[in-house]
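Visitor: The structure under discussion is supplied below as structure tokens; questions concerning it will follow.
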Amino acid sequence: HNSNRWAVAYRDDDGSPNNGKIKIITRSGTSLTESSWHTFATNAGSPTLCFDPAASGRIVVFYKDADNSNNLYARLVTFTGSAGSESFTNNTALEVTNHNGVGFVVQQGFTNPQPVGSSGNFLFVWHYLTGGTGYIQAKMVNLSGTTLATVDGAHNDLKTLHQDTVEMAGWGVNPSGTQGFIAIRNNYGKFAVKPITFAGTGTSMTMTTVG
């Protein structure tokens, strides 16, 4: 749906408010055409995003909302129009989680959201350290029409995928949307890969791990 198109997002910290901005870059042969910058949120920090694989012109942006305690938010941004002349629409933002462990990871750019196949769900994974113990935690959001909602419970219902983790090396979701993985370095200095299985649909989708 979005062949030869890329999206770029950043926080404009030149002045106040520090707006979160996005633009589209389109390739045609050896040429690149850029849209104008579009503000998707005010006082938005550390934006990260992915395209909706189920439809063209739809991007889900995750960001820290400085107006709401730097909690993690998500917003659907839609766009239409030809390369370089795109027009954008901001849809209603969703508080994904108020968990205070997300901010540092998002700020350092260690993770990006990924679509869970074409189910309409999007997964966000991060490493959280508290009391000397590291956790890999995750939360999904569901996109139905132009509305985002949290999956498998409210915004403070988080899924722990692994405990005793020093750092997260990476993670991914199979294009089928039924399986994924996390790669971590554990407390014993060992590199480990752990599978994730997705089941169900919509806001009732669950994810489980083995081991």
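The values are calculated or read from the model by the stated rules, or taken from the named source; none is laboratory data. Everything numeric here is computed off the predicted structure, so don't read it as measured data. Positions of Cβ are generated from backbone atoms using ideal geometry, with glycine treated the same way; all protein chains shown enter the neighbour counts. Protein only, heavy atoms only, side chains kept; ligands, DNA and RNA dropped before computing areas. Shrake-Rupley method; radii C 1.70, N 1.55, O 1.52, S 1.80 Å.
Visitor: Just checking, does segment 8-16 include any residue being open to solvent by 30 Å² or more (accessible area, probe 1.4 Å), over 17 Å from the mean Cα position of the chain (by Cα) and of a type in the set (Lys, Arg)?
Guide: no
Visitor: Could we say that residue 56 is of a type outside the set (Asp, Glu), within 26 Å of residue 177 (Cα to Cα), in contact with a strand residue (DSSP E or B) (Cβ under 9 Å, 6 or more places away or on another chain) and surrounded by fewer than 16 Cβ atoms within 10 Å (Cβ to Cβ) here? Spell out how you get there, then give the answer.
Guide: Values: of a type outside the set (Asp, Glu): yes; within 26 Å of residue 177 (Cα to Cα): yes; in contact with a strand residue (DSSP E or B) (Cβ under 9 Å, 6 or more places away or on another chain): yes; surrounded by fewer than 16 Cβ atoms within 10 Å (Cβ to Cβ): yes.
Here the answer is yes, as residue 56 does meet what is asked.
Visitor: From the set of residues in segment 17-40 that are assigned to a loop (DSSP other than H, G, I, E, B) and among the polar types (S, T, N, Q), which is surrounded by the fewest Cβ atoms within 10 Å (Cβ to Cβ)? So that I can check it myself, show each step before the final result.
Guide: Applying the first criterion (assigned to a loop (DSSP other than H, G, I, E, B)) to segment 17-40 yields 17-18, 29-30, 35-37.
So of that shortlist, the ones also among the polar types (S, T, N, Q) come out as 18, 30, 35-36.
Numbers: 18: 16, 30: 5, 35: 22, 36: 12.
Among residues in segment 17-40 that are assigned to a loop (DSSP other than H, G, I, E, B) and among the polar types (S, T, N, Q), the one surrounded by the fewest Cβ atoms within 10 Å (Cβ to Cβ) is 30.
Visitor: Here's another thing I want to ask about it. Out of all the residues in segment 183-211, which are at pLDDT 90 or above and among the β-branched types (Val, Ile, Thr)?
Guide: 193, 196, 197, 201, 203, 206, 208
Visitor: Now, a different point. Considering only segment 172-181, I want to know if a residue exists there that is open to solvent by 70 Å² or more (accessible area, probe 1.4 Å) and in a strand (DSSP E or B).
Guide: Yes; the residues of segment 172-181 include at least one that is open to solvent by 70 Å² or more (accessible area, probe 1.4 Å) and in a strand (DSSP E or B).
Visitor: Select from segment 62-80 the residues that are of a type outside the set (Asp, Glu) and free of Cβ contacts under 8 Å to residues at least 40 places away in the same chain and write down the one among them that is nearest to residue 41 (Cα to Cα). Step through it out loud before you land on a result.
Guide: Initially, segment 62-80 is screened for residues of a type outside the set (Asp, Glu), giving 62-64, 66, 68-80.
With free of Cβ contacts under 8 Å to residues at least 40 places away in the same chain added as a condition, the list becomes 68-71, 73, 80.
Details: 68: 12, 69: 15, 70: 13, 71: 13, 73: 10, 80: 19 Å.
The residue in question is 73.
Visitor: Looking at (1) of a type in the set (Gly, Ala, Ser); (2) over 25 Å from residue 3 (Cα atoms); (3) surrounded by fewer than 17 Cβ atoms within 10 Å (Cβ to Cβ), which is the only condition residue 44 fails?
Guide: (3)
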